[in-house]
Structure formats: structure tokens, C-alpha cells
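The block underneath contains the structure these notes are about, expressed in C-alpha cells.
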Amino acid sequence: MTGRDPDLTAGVELRNTLYELQVYEAIAVATSGAHETFGAMLGASDPDTACRALQQRYGFTELQALAVMDMQFRRVTARDREKVEQRRQELAARVLVLEAELGGT
């Protein structure tokens, strides 16, 4: 992503980017240990229990646990894990730019 959407303030874009980064970070963690992640979900009696299991196992927020539960199985392939990591890095870099921009105003 280069430059900011002209309709968004830096603060709004930073909040949105942090939200997306939080989701990508959880997916990156969950897919790096896919067997353990799926095991936690498969061992749960219901979705709420699975969500709590992911939160406890990985320290995820509820948002992150739900994002992991909602992800498609194809995200665990090597190619898609690489794409997730690339996007996570892009978002982290964008957060730094936005924080610097907000700090300079």
C-alpha cells in the first residue's frame, strides 16, 4: 500500500491497519502451528470453547481467535502462509509510517 486513501485521516487509517495487522498476526501464528491449532479446535465441544482454547493456547484476543476459526484451510499451504507473512510485514511497515506521521503533527 502506498500513500493514504484521501478520504481517511491518518488516525482512522492507523486504527484500520492495526485491526487488520492483528488478524494477520494471529493467522500467521496459527498456520505456523497448524496441527496444534486444528487440534485445539477439534478438541472443543463447541465454537465458544474452541475460541477460548485458541485464546488460552496462543494469547489471542477474541477477534484473533474468531479470525483463525473463520480462515480457510488453504491458508495453511506454504504458498499462502508466505502471502500471509508478506501482508503482515506490509501492514507492520504501514503502521510505522502512520505512527510517525501522527507523531509529526
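The values are calculated or read from the model by the stated rules, or taken from the named source; none is laboratory data. Values in this document were obtained by computation on a predicted structure and should not be read as measured data. Cβ atoms come from the backbone with ideal geometry, glycine included; neighbour counts cover every protein chain shown.
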Next on the checklist: Of the residues A28, A78, only one is surrounded by 16 or more Cβ atoms within 10 Å (Cβ to Cβ) and of a type in the set (G, A, S); which?
Outcome noted: A28
Item to check | In region 62-90, the residues that are closer than 18 Å to H35 by Cβ and either in a helix (DSSP H, G or I) or among the β-branched types (V, I, T) (or both) | outcome: A65, V68, M69, F73, R74, R75, V76, T77, A78, D80, R81, V84
Checklist entry - Conditions: (1) under 21 Å from E20 (Cα atoms); (2) modelled with pLDDT of 95 or more; (3) surrounded by 17 or more Cβ atoms within 10 Å (Cβ to Cβ); (4) aliphatic (A, V, I, L, M). V84 meets all but one. Number of the miss? => result (2)
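Table: residues versus (1) among the aliphatic types (A, V, I, L, M); (2) touching a residue at least 40 places away in the same chain (Cβ under 8 Å); (3) surrounded by 14 or more Cβ atoms within 10 Å (Cβ to Cβ).
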position	(1), (2), (3)
V23	yes, yes, yes
S32	no, yes, no
E36	no, no, no
A53	yes, no, yes
G59	no, no, no
A67	yes, yes, yes
Q89	no, no, no
